[in-house]
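Undergrad: Okay, handing you the structure first.
Values in this text are rule-based calculations from the coordinates and carry no lab data. Note that this is a predicted model, so its numbers are computed, not measured.
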Amino acid sequence: MLIPRPARPAFVTATLIMLLSVAAFAEDLGTAKSKGLVGETNSGYVAAVEPSDKVNALVTDINQQRKARYSAIAKENNISLNAVEARAGLKAIEKTPDGHYVNTGEGWQKK
């Protein structure tokens with residue numbers, strides 16, 4: 001796709017901002033997890049272990065991104081969203097480092 005020369009700087013700037021904001025959310029999520037504020041659940045989504053306005057906003061944003069990704073995977077593979085969410089939840093809990101919180105359906109536990 002060719003972008004007209006005058007539009008290129010704006011496009012590059014917008015792309016960089018988008019990439020940096022995604023990286024910032026990932027860093028915030030990692031920090032929130034390591035501080036015990038957020039944990040992985042068996043539903044494929046994160047949840048607040050220690051809720052606050054900032055933590056809740058982060059959880060909402062991350063979960064919206066995940067749901068969009070899960071929906072695309074479900075559509076591409078002609079399977080239910082529930083199946084993708086359940087598999088993602090198992091994988092996320094398996095990959096969670098020791099000392100971080102997980103909820104397998106029995107409440108929050110440190111892994």
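Undergrad: Do the alpha carbons of any pairs in Lys67/Lys95; Lys54/Lys111; Lys75/Lys111; Lys67/Lys91 sit beyond 21 Å of each other, and which pairs? Don't skip to the answer; put the middle values down first.
TA: On the way: Lys67/Lys95 19 Å; Lys54/Lys111 24 Å; Lys75/Lys111 32 Å; Lys67/Lys91 15 Å.
Over 21 Å apart, Cα to Cα: Lys54/Lys111; Lys75/Lys111.
Undergrad: Under a straight-distance cross-link criterion of Cα-Cα below 18 Å, which aspartates and glutamates are reachable from Lys35, leaving out those fewer than 8 residues away in the same chain?
TA: Glu27, Glu50, Asp53, Asp98
Undergrad: Right, something else. Using a Debye calculation, one point per C-alpha and no hydration shell, please list log10 I(q)/I(0) for segment 40-89 at q = 0.20, 0.23, 0.25, 0.26 Å⁻¹ in order.
TA: The Cα Debye sum returns log10 ratios of -0.65, -0.78, -0.86, -0.90.
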